[in-house]
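Coordinate-derived values only; no laboratory data. In this text, all values refer to a predicted model and were calculated from it rather than measured experimentally. Methodologically, a virtual Cβ is constructed for each residue, glycine included, from the backbone with ideal geometry; neighbour enumeration extends over all protein chains shown.
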Amino acid sequence: MSDAVTAPKGASSVGPVAQVEERGLQGMVTLRADLSEPALAGAVKAATGCALPETRQILYNGDRAVAWMSPDELLLLVPYVDTVDVVAALEAALAGVHHLAVDVSDARASFAISGPGAREVLARLCPVDLSPVAFGPGEIRRTRLAQVPAAFWTDEAGRFTLVCFRSVARYAFDALVGAASGDKVGYFQES
Amino acid sequence: MSMRLEQGGRLINREKPLGFVFDSNRLKGFEGDTLASALLGAGKMLVNRSYKYHRPRGIVASGPEEPNALVGLGQGAWFEPDQRATTTELFDGLTAMPQNAWPSLGFDVMAVNGWMSKFMPAGFYYKTFIWPRAFWKHVYEPVIREAAASGRPPQEPDADKYEHFYAFVDVLVVGGGIAGLQAALTAGKSGARVLLMEQTAHWGGRAPVDGAEIDGKPADDWIAETLAALEAMENVTLRNRTMGAGVFDHGYALGYERVADHTPGDGRVRHRLWRIRAKQIVTATGAIERPLSFAGNDVPGVMLASAMRDYVVNYGVAPGRKVVVVTNNDDAYRTVLALIDAGLEVPVVVDARERSDGPLASEAMRRGVAVECGAAIMKVKGKKRVEGVMLCRGNGTGGAGAPVECDAVAMSGGWSPVVHLWSHCGGKLKWSEENAHFYPDPSRAPTGAQGEAFVRTAGIASGAMGTGSVLKDAAAAGAAASRSAGFKARAAAAKAADAEEWPMKPVWVMPEQALPELRSKMFLDFQNDVKVADIQLAVQEGYESVELTKRYTTLGMANDQGKLSNINGLAILADSLGAEIPQVGTTTFRPPYQPISFGSIAGEARGEIFQPLRRTPMHDWHEHNGVAWEPVGHWRRPYCYPKPGEDHEAAVAREVLATRNSLGLLDASTLGKLVVKGPDAGRFLDMLYTNKMSTLKPGKCRYGLMCNENGFLSDDGVVARLDEDTFLCHTTSGGADRIHGWMEDWLQCEWWDWKVYVANVTEQWGQIAVVGPNARKLLEKLGGMDVSKEALPFMGWVEGELDGITVRIFRISFSGELSYELAVPAGEAMALWSKLLVAGREWSITPYGTEALHIMRAEKGFIMIGDETDGTVIPQDLGLGWAISKKKDDYLGKRAQERSHMVSPDRWKLVGLETLDGSVLPDGAYAVGKGVNGNGQRNTIGRVTSTYMSPTLGKGIAMGLVHHGPDRMGEVIKFVATDESVIEAKIVSPVFYDPDGEKQDV
Amino acid sequence: MLILQCPYCGIQCDETELAPGGEAHLKRYGPGSTDEEFEAYLFERKNPLGVHFERWRHANGCGKWFLAARSTTTLEVFGTYKAQTTEPPAEIVAAIKAKLPDWEGRQ
């Protein structure tokens, strides 16, 4: 496992008002189940230390997190090296419950977008209201990044994390870097 | 000769002279100039030749309605045609070329006189060039293309950058004149999120030029204060140089920001396209002055009265020294006064009204200007420049006319509200008899997602004509928009008076009874060279509909889009039809309001990221090893790996033979991989596949076919059962997302009570096919897993660690050879690929591409989705009956396959084809049978679906669909190539290689 | 460019986040159905001038299919709802009738 590589292999770029960097290996598990299943909360808690997220919510616990992806799908973020164990633990905890837990760590690429222009970088590429009032920490937004599907969330420091499919990692990186190389639009109020 | 005035010019900075080049002349202007004002300042009135007749044309307007002053701007990779001089801000070093003046502006060989205009009447495209047909290609088209020279396309890729920006607002205000400022101020005070856009570099619009007073101070002061107030509001964003380009469904609007047109090369994006979602839109888009129709109204020096005022007041430029003003309304007297204030001469005002003694006219007369009432301009004298006018009575036919010397004419036919944005999404119009214009009907506004009106107009765009009315209307619009967006708003307007003006008089032709000779020199649409006589001719020929007349005569087409020509043309049409103008109606206003750059539309989607390019984990390795790529959907797959000096055909042959004889390696990562899990997973797959998947044993693989509900084959692939509840479905390379969506569709919308979950894990896994007689030896050499025939038989799969890397190994074969497909987590796929390459050296391991893959599958008679299928082929056509379960009551496509045409023995069926001489059949060639069809064409009895030179067999092989094919083994049929040569081919079994399958099952 | 609210995740979706799926509430006819029934299922579409029920997938989003009641003439959206139903829910029907009292219901 230690030899695993991500698609953009540590690419990064510094623009005038925003930086884009590839985030490295990130363990990710897709968990599909009826979210009201009683066993689910415990299994997710054991895997991530987090409660079940509400609609479009992302919850953190140190280096682990859980995000609401759809009414019957969660995304668990765990350290890459723990992924196999997490899947196994979920399988065990949800034995007898109709569910699907699958490792998707290698199927994704993730990027950090930071700096005062981070919101504007995404607002150049995503049909989403990125004003601080409309989108803040604690929410995950699945949408379109230019021409590919993507999901992103932000933290209290205004740093965004964006996840897309591995095969289009270079496309997403290039699009993000292009957007980050622009000057400030000045549309969002300073947060 | 400089026409720059000693004084004045509120927008220019005389301290900052700028140099520019027009038509190879080095000229000077000032900071703050537009290209048009700088040209006029430099004494350049003649700027272009007209589109059809190549008549000399000058600057007519001062804004986006300018029909003539279109130039090619910039050079090389920064060249752009069709740019309006009136909306181009001057910068130092600007280079512009008139784009319709071959061979030169002053001497245009194409300039045509009366004799040629007879050959270009209304609808001349349709009439003149119909016959003879061959003339089109060789005579008419080349001549028209040369003569009707619009802008030339750029010859180099655009060197600039562009971007999109998604903005969500409560209230979008389009237009930064006093109405837009007032509406934005009102909305801003309500707390709504407001975006205010102004197309020019300056705020305030016409009010300062017209000398308006607001809140007891000059308009300029009020504008500055209001701007400061808006800038202080956190919820308001101001954007100048940003045009409202279009209004679309559900509050979608486009803003076109010209970020760096005036500062080229400063590294910023050139244009930014604002993709706006607004709850409410206020269009404060102002009004456009109408020309008057008199003979020679297109001679350089004839200009809109308001534009002339703009040039004098804003830019300190005199469009002429001696200006005749012709009008049907009071507003033109503001131009008279501005000209006199600037020390210019106004020999006479030609007023079409019988009486003109309103306050503005009286002031002009008090200052010594002669006013001729009930008069008309009979014609303009001069060719490349106004030399004088002939005056006559307004109600007559013209007569002899009285000469007046002048070098410019200012004309005003009244004002038309800019209703484009209101109309883009369905806003309707009303006709004002008082002002002779169409204006928005607020009771029939564009409606949004909730059925609510979402566009309002403000100011003169609403038809409010005085400063006070404009502000009141704007405040009301801003407040109403804010309320509709959910805010509390108060419609408090700045105070101003409406100037007292006498009524205007609609005048559509000057003089009213003008004879044909004059009418054929009255231009309605300067850009498209459409005259009053053209509309009248169209009506004589039977045109009634405004939309059809527009297309027949080209009135208001191209970038005019009804800005200057619309009302005048409609009035002529209505008059010729004996109808009222509102009955005739307007043409449709379509976005964009003004042309926007292709670059801004493309945004980031250029060059490397024009489209998403999907890369496998081994992409870089392929790139470094001489790959020739093949696009497969958005994926890039190796087509082959040519060695130095090797062409593709030779490379492919080498790859096939190396694989067949020893060992080949294929990057199969693009293969779709869908995990299907749940107690109903087997039942679900039984519905999706034509064969039975529920009986598959864990540890085993089975080939399956998927059809759509029309029965046609849509995808195929191998299904592996991972455990009792879980299947892994492989799809075609391009098909993963489509089939995933297909599965979710059935699970969500039809069988929502079935307990099945699907996940698309295509990209979680790299997939590597190890193929050839030495494949097993290679895996054994790497070690860690038992891959013997006993432990891992054909169509089985196992999981384990191969030389320390976690893999699933599937014993499946698409080549007919001993073959293992290794699925490995994508992050380690490249590491495994490298290990295989190193360990495989002793067997001369050879990476192969998609073409070798295709040839090997064709040698085995395996079908390929997209080759053997085209959306009309059912599995039964392809001899795949063995993969269709007879026991199942139902599967997707089963009912369709029971239809009479689907069970007909006359369907074309899959066979192999071999040419008699060993050559390769042309792809897609049709086989011809006896007789002809109803169109006299040879009857066809089959077609080629796949065809290759087989390196293994040393001859051409093909597959095809042939009528009664499987019953005609050994028969020779004829195929016709595109060069009509006939190729004979024998019908054979589609399995050319190892028909008993001994090689893959060892 | 429409905006439709996804009833699963609540997003006001830009049309570019969605994939269209044609007419809603088709009843599937499989083996055993008459030619007429099967033809209607496969090919006959209402294509009305006015109220229309249609399928959309929140493709660049939560991935769920949902249904929308929309006017094909004014583009007014009367409501969106989850796909797990064979008929428009009562509240959607009520919303349409509130706006269009003369609407005769789904034919």
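Overview of values
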{"quantity": "C-alpha center-to-center spacing [segment A:143-191, segment B:2-36] in angstrom", "calculated": "43 Å"}
{"quantity": "With Cα atoms, 0 to 90° folded angle of helix B:648-661 axis to chain B main axis", "calculated": "30 degrees"}
{"quantity": "Cα lying deepest toward the dipole's positive end in segment B:592-697, options B:I601, B:V656, B:G682, charges on Cβ", "calculated": "B:G682"}
{"quantity": "Cβ-based charge dipole, segment B:522-584, positive-most Cα from B:M557, B:G578, B:A533", "calculated": "B:M557"}
{"quantity": "Spatially proximal lysines relative to B:K930 (Cα-Cα < 30 Å; intrachain offsets below 8 disregarded)", "calculated": "B:K909, B:K955, B:K974, B:K986"}
{"quantity": "P(r) histogram, all alpha-carbon pairs of segment B:568-624 included - 5 Å bins from 0, percent", "calculated": "4, 13, 11, 9, 8, 8, 8, 6, 7, 7, 5, 3, 4, 5, 3, 0"}
{"quantity": "Shape box of segment B:843-985 [Cα atoms, principal axes, largest first, Å]", "calculated": "50, 48, 24"}
{"quantity": "Surface/4 estimate of mean projected area, convex hull on alpha-carbon atoms of segment C:3-99, nm²", "calculated": "6.9 nm²"}
{"quantity": "Filtered chymotrypsin sites (Phe, Trp or Tyr not before Pro), segment B:573-673: DSSP coil and at most 12 other beta carbons within 10 Å", "calculated": "B:F610"}
{"quantity": "Residue pairs, from the table B:K697/B:K835; B:K428/B:K550; B:K44/B:K383, whose Cα atoms sit over 23 Å apart", "calculated": "B:K697/B:K835"}
{"quantity": "Mean projected area in nm² (Cα convex hull; one quarter of hull surface) for segment B:614-872", "calculated": "13.3 nm²"}
{"quantity": "Within the protein assembly as shown, percent of DSSP bridges classed antiparallel, to nearest 5", "calculated": "80 percent"}
{"quantity": "For segment B:945-999, alpha-carbon Rg relative to the globular expectation (2.2 N^0.38 Å, N residues)", "calculated": "1.26"}
{"quantity": "Measure of compaction for segment A:45-111 (Cα Rg per 2.2 N^0.38 Å)", "calculated": "1.07"}
{"quantity": "Farthest toward positive dipole pole in segment B:152-301 [+1 Lys/Arg, -1 Asp/Glu at C-beta], among B:A295, B:Y252, B:P208", "calculated": "B:Y252"}
{"quantity": "Assigned charges on the beta-carbon of Lys, Arg, Asp, Glu; the protein assembly as shown dipole about Cα centre (debye)", "calculated": "1600 debye"}
{"quantity": "Degrees, to the nearest 10: B:850-859 long Cα axis against longest axis of chain B", "calculated": "50 degrees"}
{"quantity": "Pairwise label distance in nanometres, B:T940 with B:R490, each label 7 Å out on the Cα-Cβ vector", "calculated": "7.7 nm"}
{"quantity": "Inter-centroid distance (Cα atoms) of segment B:438-475 relative to segment B:646-708, Å", "calculated": "62 Å"}
{"quantity": "From phi via Karplus (6.51, -1.76, 1.60), per-residue ³J(HN,Hα) for segment B:165-182 in Hz, x at Gly/Pro", "calculated": "8, 8, 10, 10, 9, 7, 10, 9, 10, 9, x, x, x, 5, 5, x, 5, 5"}
{"quantity": "Neighbouring partner chain Cβ atoms per residue of B:749-762, average, 10 Å criterion", "calculated": "5"}
{"quantity": "Residue-averaged [θ]222 nm for chain B, counting only DSSP H segments that reach four residues, each worth -39500 (n - 2.57)", "calculated": "-6000 deg cm²/dmol"}
{"quantity": "Estimated D of chain A in µm² per second, where Rh is the Kirkwood radius over Cα pairs and Stokes-Einstein applies at 37 °C, 0.692 mPa s", "calculated": "192 µm²/s"}
{"quantity": "Set of segment B:939-965 residues, backbone N closer than 18 Å to the point 7 Å along the Cα-Cβ line of B:K930", "calculated": "B:939-942, B:963-965"}
{"quantity": "Share antiparallel - DSSP beta bridges, chain B, percent rounded to 5", "calculated": "75 percent"}
{"quantity": "Loop GluC sites (Glu not before Pro), segment B:681-789, which have at most 12 other Cβ atoms in a 10 Å radius of their Cβ (DSSP)", "calculated": "B:E724"}
{"quantity": "Chain C: angle of helix C:90-99 to the longest principal axis, Cα-based, in degrees nearest 10", "calculated": "70 degrees"}
{"quantity": "Within segment B:765-853, trypsin sites (Lys or Arg not before Pro) in DSSP loop having at most 13 other beta-carbon neighbours inside 10 Å", "calculated": "B:K789"}
{"quantity": "Hydrodynamic radius of chain B per Kirkwood, over alpha carbon pairs, in Å", "calculated": "33.9 Å"}
{"quantity": "Coarse-grained scattering of the protein assembly as shown at q = 0.08 Å⁻¹, given as base-10 log I(q)/I(0) from a Debye sum over alpha-carbon atoms", "calculated": "-1.06"}
{"quantity": "Distance histogram in 5 Å bins (all Cα pairs of segment B:522-584, percent per bin)", "calculated": "4, 22, 36, 26, 11, 1"}
{"quantity": "Lysines with Cα under 27 Å of C:K27, excluding same-chain neighbours fewer than 8 positions away", "calculated": "B:K677, B:K692, B:K755, B:K886, B:K887, B:K888, B:K894, C:K46, C:K64, C:K82, C:K97"}
{"quantity": "Ratio of the Cα radius of gyration of segment B:218-355 to 2.2 N^0.38 Å, where N counts its residues", "calculated": "1.41"}
{"quantity": "Mean-position separation - Cα centroids, segment B:276-334 and segment B:385-403, in angstrom", "calculated": "22 Å"}
